[in-house]
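K.L.:
Below you'll find the structure I mean.
The values are calculated or read from the model by the stated rules, or taken from the named source; none is laboratory data. On a predicted model such as this, the values are computed, not experimentally measured, just so you know. No Cβ is skipped: glycine too gets one built from the backbone with ideal geometry, and neighbour counts run over all protein chains shown.
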Amino acid sequence: MMDSRTLSVLEICEAVLNCPDVPSLEAQLTNLSATIGFSALKALHVRRENSKTSYRFVSAHRDAGWQLQVGRSSPIFSDELIENAARQKTAFTKHDCAAGRTNNPTDDQTSASTVFVPTFDRCGLSGLIAFIGIPSDLSGVIINLLHLAGLYTSSRFAALLFEEATNPTDLTPREVECLKWSSNGLTSSEIAEKLGISRHTADWYLKEATQKLGAQNRTHAVMIAYRKGLII
């Protein structure tokens, strides 16, 4: 007989699959964290095109309200760890994960366990999710639950965050520039100061770019722009 936590995780996984947009996915990450106990999540997605392999990175932290953020890299995903994930083909745990430590005080500073969940498609490794800040004495049942949650979450990340826009992209240079600064973590006010425009104008450019890309919000727009190679 399944316990209440297992049932809760299964319900959350089902909800993740039915998430219509990025905010809904963020809400389910909040529920999943409260149920299992991790403090941060980082995800790597593999992109293969014309025999070339590249990576896209997403992160979310409990302290930041589980708002999904795109990034150019993540030190927790070393080449060695990615190769190990491709070989293991199942969830695995690392303790005292130094790879997650950086000089950035907002990044992961944890001595607890990190559970890595790899996902695969017909070409091989398609993604890797890290659940960070898990209590070190976690049981095999929790690892299995995280494996299940990672599989469901990864597929929904790919569908919501890295899908191609269905409409033609016709962004102006200014809209691309605003998206690029937004991807670096700048607010509308900071973008406006950089470009010598008003905050209202910066918001307008970002809103136009978001609509043209068929994105749910600014974060989603940045991720699609990365996916389409509009910003580097």
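K.L.:
Would you kindly identify the helices (runs of 4 or more DSSP H) lying entirely within segment 167-232 that contain at least 3 residues that are under 20 Å from the mean Cα position of the chain (by Cα) and of a type outside the set (A, V, I, L, M)? Step through it out loud before you land on a result.
P.N.:
Numbers: elements: 173-183, 188-195, 199-212, 218-227.
Per the criteria, 173-183, 218-227.
K.L.:
Now, a different point. Residues to consider are Cys19, Cys13; find the one that is more than 13 Å from the chain's Cα centre (by Cα) and not in a loop (DSSP other than H, G, I, E, B). Steps first, please.
P.N.:
Values: Cys19 fails: not in a loop (DSSP other than H, G, I, E, B).
The unique qualifying residue is Cys13.
K.L.:
In segment 9-53, what count of residues is obtained for those that are in contact (Cβ under 8 Å) with a residue 12 or more places away in the chain and within 16 Å of Met223 (Cβ to Cβ)?
P.N.:
14
K.L.:
Which one is nearest to Ser8 (Cα to Cα), of the residues in segment 133-147 that are under 17 Å from the mean Cα position of the chain (by Cα) and surrounded by fewer than 24 Cβ atoms within 10 Å (Cβ to Cβ)?
P.N.:
Start the filter on segment 133-147 by keeping residues that are under 17 Å from the mean Cα position of the chain (by Cα), which leaves 133, 146-147.
Remaining after also requiring surrounded by fewer than 24 Cβ atoms within 10 Å (Cβ to Cβ): 133, 147.
On the way: Gly133: 20, His147: 15 Å.
Among those that are under 17 Å from the mean Cα position of the chain (by Cα) and surrounded by fewer than 24 Cβ atoms within 10 Å (Cβ to Cβ), it is His147.
K.L.:
Turning to a different aspect of this structure: How many residues does segment 61-113 contain that are over 28 Å from Ile224 (Cα atoms), among the β-branched types (Val, Ile, Thr) and either at pLDDT below 75 or assigned to a loop (DSSP other than H, G, I, E, B) (or both)?
P.N.:
2
K.L.:
Tell me, yes or no, whether segment 68-86 has at least one residue that is touching a Leu at 6+ places or on another chain (Cβ under 6 Å), among the β-branched types (Val, Ile, Thr) and not assigned by TED's automatic domain parsing to the domain that holds Lys180. So that I can check it myself, show each step before the final result.
P.N.:
Here is the first cut: in segment 68-86, the ones touching a Leu at 6+ places or on another chain (Cβ under 6 Å) are 77, 85-86.
Then drop every residue that is not among the β-branched types (Val, Ile, Thr), which leaves none.
No, because not a single residue in segment 68-86 is touching a Leu at 6+ places or on another chain (Cβ under 6 Å), among the β-branched types (Val, Ile, Thr) and not assigned by TED's automatic domain parsing to the domain that holds Lys180.
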